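K.L.:
Mind having a look at this structure? Questions to follow.
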Amino acid sequence: MAEYSAWQVLKNAVTGNAGWRPAWRKPEPKPSYDVVIVGGGGHGLATAYYLAANHGFTNVAVCEKGWLGSGNIGRNTTIVRSNYLLEGNTPFYEHSMKLWENLSHELNYNVMFSQRGIINLCHTPAQMDEAARRGNAMRLFGVDARMVMPDELAKRVPGLDLSQNARFPVLGGLEQPRAGTARHDAVAWGYARAADRRGVDILENCEVIGFLRDGDRVTGVKTTRGEIRARKVAVCVAGSTGRVMKLAGIDRLPIESHVLQAFVSESLKPMIDTVVTFGGGHLYISQSDKGGLVFGGDIDGYNSYAQRGNLPIVEDVMSEVVALFPAAAKVRLLRSWGGIMDMTMDGSPIITTGPLPGMYLNCGWCYGGFKATPASGWCFAHTIARNEPHPLSAAFTLDRFHRGHVIDEKGQGSFPWRH
Ligand SMILES: Cc1cc2nc3c(=O)[nH]c(=O)nc-3n(C[C@H](O)[C@H](O)[C@H](O)COP(=O)(O)OP(=O)(O)OC[C@H]3O[C@@H](n4cnc5c(N)ncnc54)[C@H](O)[C@@H]3O)c2cc1C
């Protein structure tokens, strides 16, 4: 398969782009594999890639019920950061950040990683204290963080309403300068291509509709393209976790599914060159390379598997955009869409062996799984290959809900819809 390089771009430019080949194969399913991964989203594909790259597993299949990029990997607002507070989280997300920093090179695929920074705005003295504490904790873990004050914000984010008349006057913010955005669907395609090159079979339009069992042990999957046996079956289906695990007879998990909507405006001249989050409400906003404002708000407050949102949230999010950036009132909204979030009770993810023998589970990413994609794949591959947690994801095992050692990053108790 051809490498992507400046030379290839040049050569194809003058030969009618006839030299490009499909980025990944479309193989028929084999009767058995060493590992079958259910779910060809970012996490499933990254897991397949690191299984091959880090652990030498190449007899691997990824079963995706639709097409690559049809799930949350292609629906998110593309924010990448590692500005966490707790010990269970920060080293994991910082590992992800380090993988992001070399990802285009590693995959030989441009994932358009842009380290434009993220600024979490604060509107009360208590929020300023919390931001300073978080920033200090990050720096103790070796992660970049700095406080920004309104005079600097006025220069960095010129459209931001910094007046005292604002509904939530801005007192300052916490910045992680190395944070930013990446091109979400390119991440899926980059991992898919890189996994395919190492022999992984990516089986699109291959929905898992049941599990093969030998007693308690999971020994394969039933799919719309036939039965496939496997020594190990890894479930990585994000918002569909409850439904897929039910096929294996697991009907109780500490997870709820909710819709999260995202929005993009018409293209504008550059007006925000960083990512801004609104601590007084629940809004995050950045500007895409095409010029559209990309933003999202809170999840819908009820459980749903519908990949579409509702109007009250649209109104709520728009009012927050206008409160922060009054000039945006004149901007037209181009489109909105929804994705299904698998919200855990403590707002932190699950990367674990089990819950059945032969099975491995990766889920519960709530709002924040895109940024985690590289580290999630890295650690889940380790868990599958070695039958034990990776040290960086050791806090994310399922048994934390039995032990009471939850990772409650927000310190708000079990309110999954708040995380
Ligand atoms: C609107 C929105 C904004 C977001 N913004 C951000 C953000 O800015 N930053 C951030 O870090 N995170 C963000 N997230 C969260 C992030 O996108 C998700 O946590 C993450 O993408 C989930 O992992 P994934 O990519 O593997 O999921 P998915 O891409 O959803 O992959 C799961 C796959 O499993 C497949 N599947 C389901 N059932 C089956 C089956 N039975 N058989 C086979 N395949 C099956 C699905 O088709 C899907 O492709 C956002 C999410 C949404 C919806």
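The values are calculated or read from the model by the stated rules, or taken from the named source; none is laboratory data. No experiment lies behind these values; they were computed from the predicted model shown. Every residue, glycine among them, receives a Cβ derived from its backbone with ideal geometry; neighbour counts consider all protein chains shown. For accessibility, only protein heavy atoms count, side chains too; no ligands or nucleic acids. Shrake-Rupley method; radii C 1.70, N 1.55, O 1.52, S 1.80 Å.
K.L.:
Considering the stretch 19-55 alone, what residues qualify as being more than 19 Å from residue 235 (Cβ to Cβ) and either assigned to a loop (DSSP other than H, G, I, E, B) or within 13 Å of the ligand (Cβ to nearest atom) (or both)?
P.N.:
Correct list: 19, 20, 21, 22, 23, 24, 25, 26, 27, 28, 30, 31.
K.L.:
Could I ask something else about it? With the checklist (1) polar (S, T, N, Q); (2) open to solvent by 40 Å² or more (accessible area, probe 1.4 Å); (3) farther than 19 Å from residue 196 by Cβ in hand, flag the one item residue 58 doesn't pass.
P.N.:
Result: residue 58 fails condition (3) only.
K.L.:
Moving to a separate point now. When the stretch 75-123 is examined, which residues are found to be farther than 11 Å from residue 179 by Cβ and of a type in the set (A, V, I, L, M, F, W, C)?
P.N.:
Within the stretch 75-123, 85, 86, 92, 99, 103, 107, 111, 112, 121, 122 qualify.
K.L.:
Another question about this same structure. Out of 39, 56, 16, 69, I need the residue that is at positive phi, without any contact (Cβ under 8 Å) to a residue 24 or more places away in the chain and assigned by the TED database to the domain that holds residue 197. Which one?
P.N.:
Result: 56 is the single residue among 39, 56, 16, 69 that is at positive phi, without any contact (Cβ under 8 Å) to a residue 24 or more places away in the chain and assigned by the TED database to the domain that holds residue 197.
K.L.:
Does the stretch 151-169 contain any residue that is assigned to a strand (DSSP E or B) and either in contact with a helix residue (DSSP H, G or I) (Cβ under 8 Å, 6 or more places away or on another chain) or open to solvent by less than 10 Å² (accessible area, probe 1.4 Å) (or both)?
P.N.:
No: zero hits.
K.L.:
Something else now. How many residues, within the stretch 88-115, are touching a residue at least 24 places away in the same chain (Cβ under 8 Å), open to solvent by 10 Å² or more (accessible area, probe 1.4 Å) and assigned to a loop (DSSP other than H, G, I, E, B)?
P.N.:
Summing the residues that are touching a residue at least 24 places away in the same chain (Cβ under 8 Å), open to solvent by 10 Å² or more (accessible area, probe 1.4 Å) and assigned to a loop (DSSP other than H, G, I, E, B) in the stretch 88-115 gives 7.
K.L.:
I've got another one for you. Being more than 10 Å from the ligand (Cβ to nearest atom) and in contact with an Asp or Glu (Cβ under 6 Å, 6 or more places away or on another chain) narrows it down to one of 193, 231, 197, so name that one.
P.N.:
Going through 193, 231, 197 in turn, the sole match is 231.
K.L.:
Can you find even one residue in the stretch 319-334 that is within 16 Å of the ligand (Cβ to nearest atom), within 23 Å of residue 81 (Cβ to Cβ), modelled with pLDDT of 90 or more and more than 15 Å from the chain's Cα centre (by Cα)?
P.N.:
Within the stretch 319-334 (the criterion being within 16 Å of the ligand (Cβ to nearest atom), within 23 Å of residue 81 (Cβ to Cβ), modelled with pLDDT of 90 or more and more than 15 Å from the chain's Cα centre (by Cα)), the answer is yes, since at least one residue qualifies.
K.L.:
For residue 235, are the conditions met, namely being within 21 Å of the chain's Cα centre (by Cα) and open to solvent by less than 80 Å² (accessible area, probe 1.4 Å)?
P.N.:
So residue 235 fits the description; yes.
K.L.:
I've got another one for you. Does residue 58 count as near the ligand (Cβ under 6 Å from one of its atoms), out of contact with any Cys (no Cβ under 8 Å at 6 or more places or on another chain) and among the hydroxyl-bearing types (Ser, Thr, Tyr)?
P.N.:
So residue 58 fails the test.
K.L.:
Does the stretch 90-107 contain any residue that is over 21 Å from residue 230 (Cβ atoms), within 15 Å of the chain's Cα centre (by Cα), within 16 Å of the ligand (Cβ to nearest atom) and at pLDDT below 95?
P.N.:
No.
K.L.:
Pairs under 6 Å by beta carbon, first residue in contact (Cβ under 8 Å) with a residue 40 or more places away in the chain in the stretch 286-301, partner open to solvent by 40 Å² or more (accessible area, probe 1.4 Å) and among the hydrophobic types (A, V, I, L, M, F, W, C), six or more apart or different chains?
P.N.:
Cβ pairs passing all conditions: 299/417; 301/417.
K.L.:
Oh, and also: Looking at the stretch 67-93, which of its residues are within 18 Å of residue 191 (Cβ to Cβ) and β-branched (Val, Ile, Thr)?
P.N.:
73, 78, 80
K.L.:
In addition: Pick out the one residue from 3, 64 that is surrounded by fewer than 24 Cβ atoms within 10 Å (Cβ to Cβ) and touching a residue at least 60 places away in the same chain (Cβ under 8 Å).
P.N.:
3
K.L.:
Residue 130 fails exactly one of the following numbered conditions: (1) within 26 Å of residue 400 (Cα to Cα); (2) modelled with pLDDT of 95 or more; (3) over 21 Å from the mean Cα position of the chain (by Cα); (4) not β-branched (Val, Ile, Thr). What is the number of that condition?
P.N.:
(2)
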